[in-house]
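Colleague: Here it is, the structure, as structure tokens.
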Amino acid sequence: MKVLLINSVCGIGSTGRICTDLAQKFEAAGDEVKIAYGRKGTVPEQFQKYAVRIGTDWDCKMHAIQTRLFDTHGFGSKHATKKFLQWAEEYKPDLLWLHNIHGYYINVEMLFDWIKKHPEMQVKWTLHDCWAFTGHCSHFTAVKCAQWKSHCSYCSQLRRYPACYAMSSVRRNFARKRAAFTGVPNLTLITPSKWLADLVKQSFLKEYPVEVHYNTIDTTIFKPTPSDFRERYGLQDKIIVLGVANVWEDRKGLFDFYKLAEMLDDHYAIVLVGLSEKQIEDLPKNIKGIQRTNSPKELVAIYTAADVFVNPSVEETFGMTPVEAQACGAPSIVYEGTACAEVAEQNGNKAVPQDVNALYEAITGEKFMRWGKKHSKKRGCTIVAIPRTNSPQELAEIYTAADIFANPTYEDNYPTVNLEAQACGTKVVTYDTGGCRETLISSLLGQTAFQWEIIDL
């Protein structure tokens, strides 16, 4: 089978890594795979065999300029798209899998016109945001807009991505998208959360079947990995509160971190990854800023060093960073009202109201203070023997107090103790014997194990 994936980037960023993960799985199954991408960015060497560039840097710049002037995001790049579709016609994919088709690199009308001419081709489209069914924006929950359900006539976020500073084409964009994106044979929509799926079912895309596929990560990479990060940044005795984003702005919670910095005492240090040079210069003194990195190895080191990961974003359709952090051993706190809460609740972490005070209470609460102690002071290992108890309440208190639950059983059909520990927010390490694997309930980390792999204890 020939597979063609289309995304703004290849092998970098969250969607880029999702695409290369898919490509590797298809390749392992014996399929031929290509990833067509359009945005500037270095494709990691190991993924260059998949990469097919759509257009050039110049094409992207011209598409962006047209968007700034005329609000035509998604409707530029005609020459680049025509040339790419000629290549695609020769490649003849059996499966076309779309991801982010916005980003100033492809003409969506031309793309979908070509798709409709190939009804024999299976088509999947993973929506990573809401851009597909609006007249302009990629997210709208923060401004509480509901126009997208029937029309878009005015956008209060015109100067946000994809920014326009002159002539609005919101109404026309909505009509053009609806005409292009509907009536496609053999199309299945995929969303990374039930939250986004519910929105899709209220939009003009409701004619299509929608499947919820939680994004996964490579747990051979994202796992607890000690490093000298704390020593390099002078944070040996600090409780690290970590935030990570590709682009930091108000909707990502940047200014909530500013407020947190005023509330937390000197025992804490806030570390933010993904900031621009200008943002780093403007940071409060008790926030450590680090520029964006496309190195999973570097990210893993930072995640592992953190005591708690915080994602105060008010607009997320999934939230990869909390999952990555959890896989590296950092418990996560997210805001309610986004898909992040859905992910957190399934993975034993915490969602709080969209309020800085709620964040502060969660960070300084007993559960996360326990995690902070692992770095704030050195501790030895002590064995404490407790008599058997028939009190569920007492047992729950013990589970909750633990950092890790270890179950080195050699024979067990289905150990409920593993489920009990996870329900109390405690990570589990167990042998791969009997039904142990089936009791490790998280599916968000790309494997059956709950944050920690099944290992030889």
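The values are calculated or read from the model by the stated rules, or taken from the named source; none is laboratory data. Remember, it's a predicted structure, so these values are computed and weren't measured experimentally. Don't worry about glycine lacking a Cβ; one is built from the backbone with ideal geometry, like all the others, and counts go over all protein chains shown.
Colleague: Of the residues that make up segment 36-54, is at least one touching a residue at least 40 places away in the same chain (Cβ under 8 Å) and either of a type in the set (Asp, Glu) or not assigned by TED's automatic domain parsing to the domain that holds Lys124 (or both)?
Modeller: No, because not a single residue in segment 36-54 is touching a residue at least 40 places away in the same chain (Cβ under 8 Å) and either of a type in the set (Asp, Glu) or not assigned by TED's automatic domain parsing to the domain that holds Lys124 (or both).
Residue-wise test of (1) hydroxyl-bearing (Ser, Thr, Tyr); (2) modelled with pLDDT under 95; (3) under 27 Å from Gly365 (Cβ atoms); (4) under 23 Å from the mean Cα position of the chain (by Cα).
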| residue | (1), (2), (3), (4) |
| --- | --- |
| Trp248 | no, yes, yes, yes |
| Asp256 | no, yes, yes, yes |
| Ile270 | no, no, yes, yes |
| Gly274 | no, yes, yes, yes |
| Gln279 | no, yes, no, yes |
| Asp282 | no, yes, no, no |
| Thr293 | yes, yes, no, yes |
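Colleague: While we're here: Filtering segment 394-408 down to residues that are assigned to a loop (DSSP other than H, G, I, E, B) and surrounded by fewer than 14 Cβ atoms within 10 Å (Cβ to Cβ), which residue is modelled with the lowest pLDDT?
Modeller: Checking each candidate, the answer is Asp403.
Colleague: Could you list, in sequence order, the residues of segment 47-65 that are more than 20 Å from Ile106 (Cα to Cα) and touching a helix residue (DSSP H, G or I) at 6+ places or on another chain (Cβ under 8 Å)?
Modeller: Phe47
Colleague: Another one. Of the conditions (1) part of a helix (DSSP H, G or I); (2) touching a residue at least 24 places away in the same chain (Cβ under 8 Å), Phe204 satisfies every one except a single condition; which number is it?
Modeller: (1)
Colleague: While we're on this one: May I ask you to verify whether Leu85 is at pLDDT 95 or above and in contact with a strand residue (DSSP E or B) (Cβ under 8 Å, 6 or more places away or on another chain)?
Modeller: No: the conditions fail for Leu85.
Colleague: Would a scan of segment 45-56 turn up a residue that is out of contact with any strand residue (DSSP E or B) (no Cβ under 8 Å at 6 or more places or on another chain) and crowded, with 19+ Cβ neighbours inside 10 Å?
Modeller: Yes, there is a match, as at least one residue in segment 45-56 is out of contact with any strand residue (DSSP E or B) (no Cβ under 8 Å at 6 or more places or on another chain) and crowded, with 19+ Cβ neighbours inside 10 Å.
Colleague: Follow-up. Please work out which residue is surrounded by the fewest Cβ atoms within 10 Å (Cβ to Cβ), limiting yourself to segment 229-244 and to residues that are under 19 Å from Lys297 (Cβ atoms), under 26 Å from the mean Cα position of the chain (by Cα) and of a type outside the set (Phe, Trp, Tyr).
Modeller: Step by step, filter segment 229-244, then rank; the result is Arg230.
Colleague: For segment 244-262, check the following and say yes or no: at least one residue is in contact (Cβ under 8 Å) with a residue 40 or more places away in the chain and of a type in the set (Ser, Thr, Tyr).
Modeller: No.
Colleague: Ok, one more. Provide a single number: the residues in segment 358-393 that are under 30 Å from Glu336 (Cα atoms) and either among the aliphatic types (A, V, I, L, M) or modelled with pLDDT under 75 (or both).
Modeller: 17
Colleague: Kindly evaluate Val308 against the criterion of being in contact with a Pro (Cβ under 9 Å, 6 or more places away or on another chain) and not small (Gly, Ala, Ser).
Modeller: So Val308 fits the description; yes.
Colleague: Please enumerate the residues belonging to segment 70-115 that are among the basic types (Lys, Arg) and either in contact with a helix residue (DSSP H, G or I) (Cβ under 9 Å, 6 or more places away or on another chain) or not assigned by TED's automatic domain parsing to the domain that holds Ile35 (or both).
Modeller: Of everything in segment 70-115, those that are among the basic types (Lys, Arg) and either in contact with a helix residue (DSSP H, G or I) (Cβ under 9 Å, 6 or more places away or on another chain) or not assigned by TED's automatic domain parsing to the domain that holds Ile35 (or both) turn out to be Lys78, Lys82.
Colleague: Name every residue in segment 147-157 that is surrounded by fewer than 17 Cβ atoms within 10 Å (Cβ to Cβ) and touching a residue at least 24 places away in the same chain (Cβ under 8 Å), in order of residue number.
Modeller: Lys149
Colleague: Follow-up question, since we're still on this one. One residue is enough: does segment 163-172 have a residue meeting the conditions charged (D, E, K, R), assigned to a helix (DSSP H, G or I) and within 26 Å of Pro312 (Cα to Cα)?
Modeller: The answer is no, given that none of the residues of segment 163-172 is charged (D, E, K, R), assigned to a helix (DSSP H, G or I) and within 26 Å of Pro312 (Cα to Cα).
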